[in-house]
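Trainee: My questions all concern the structure below.
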Amino acid sequence: MARVFKFGNNIDTDVIIPARYLNNPAPEELAKHCMEDIDANFAKKVGKGDIMVGLSNFGCGSSREHAPISIRASGISCVIASSFARIFYRNAINIGFPILECPEAAEKINDGDDVEVDFATGVITDKTTGEKFQANPFPEFINNIIEKGGLFNYMKARQAKEG
């Protein structure tokens, strides 16, 4: 189980990782400042495996990969949202970070709830309330990218296999 940190609509990449911290792109440095303009203590509270929940248009704004990198490096295991900005969605998959669109779960799951995610089936279980939600599981090719730790590693493994 994982504790939920819930945020609202239109969480943009400048809120996820403020531009003033982009001069040091090391994931562990980015993690120290993740979400700090919304919650100054987020980096101190988040634990390995916790889950972030957002509402609509999560990750809007600039196209930098620093946003999903900072979230993953903070310890968050996945993001669940009603919808994602397309570039954030693609960047998350490119770095091998799982995100799930599920409007019902995003609306009903509360900050602090304990949640379990089965990526193979797309089932999200709120252990606090007992409710279950169905997200679309990733297609096989996206699962493969995530399992390999990102698109670069996936392509490298594929190239090695194909010779």
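The values are calculated or read from the model by the stated rules, or taken from the named source; none is laboratory data. Bear in mind the structure is a predicted one, so any value in this text is a computation, not a measurement. All Cβ positions, glycine included, derive from the backbone under ideal geometry; neighbour counts span all protein chains shown.
Trainee: What single numbered condition from (1) under 26 Å from H33 (Cα atoms); (2) more than 14 Å from the chain's Cα centre (by Cα); (3) at pLDDT 95 or above fails to hold for L100?
Mentor: Of (1) under 26 Å from H33 (Cα atoms); (2) more than 14 Å from the chain's Cα centre (by Cα); (3) at pLDDT 95 or above, only one is false for L100: (2).
Trainee: So which residues in region 47-77 are under 18 Å from E107 (Cβ atoms) and more than 10 Å from the chain's Cα centre (by Cα)?
Mentor: Once the filter is applied, which keeps residues that are under 18 Å from E107 (Cβ atoms) and more than 10 Å from the chain's Cα centre (by Cα), region 47-77 yields L55, S56, N57.
Trainee: Another question, if that's okay. Can you tell me which condition D37 does not meet? The list is (1) charged (D, E, K, R); (2) touching a residue at least 12 places away in the same chain (Cβ under 8 Å); (3) under 26 Å from D126 (Cα atoms), and all the others hold.
Mentor: All conditions are met except number (3).
Trainee: Still on this structure, please answer the following. Among the residues that make up region 139-158, is at least one of them in contact with a strand residue (DSSP E or B) (Cβ under 9 Å, 6 or more places away or on another chain) and buried (at least 16 other Cβ atoms within 10 Å of the Cβ)?
Mentor: Within region 139-158, the subset in contact with a strand residue (DSSP E or B) (Cβ under 9 Å, 6 or more places away or on another chain) is none.
The answer is no; no qualifying residue exists.
Trainee: A follow-up question, please. In region 4-20, how many are under 21 Å from K48 (Cβ atoms) and either basic (K, R) or part of a helix (DSSP H, G or I) (or both)?
Mentor: Restricting attention to region 4-20, the residues satisfying the condition of being under 21 Å from K48 (Cβ atoms) are 4-7, 16-17.
Next, only the ones that are either basic (K, R) or part of a helix (DSSP H, G or I) (or both) stay: 6, 16.
Matching residues across region 4-20 total 2.
Trainee: Output the residues belonging to region 2-24 that are aliphatic (A, V, I, L, M) and at positive phi. Walk me through it before giving the result.
Mentor: Step one: of region 2-24, the residues aliphatic (A, V, I, L, M) are 2, 4, 11, 15-17, 19, 22.
None - no residue of region 2-24 is aliphatic (A, V, I, L, M) and at positive phi, so the list stays empty.
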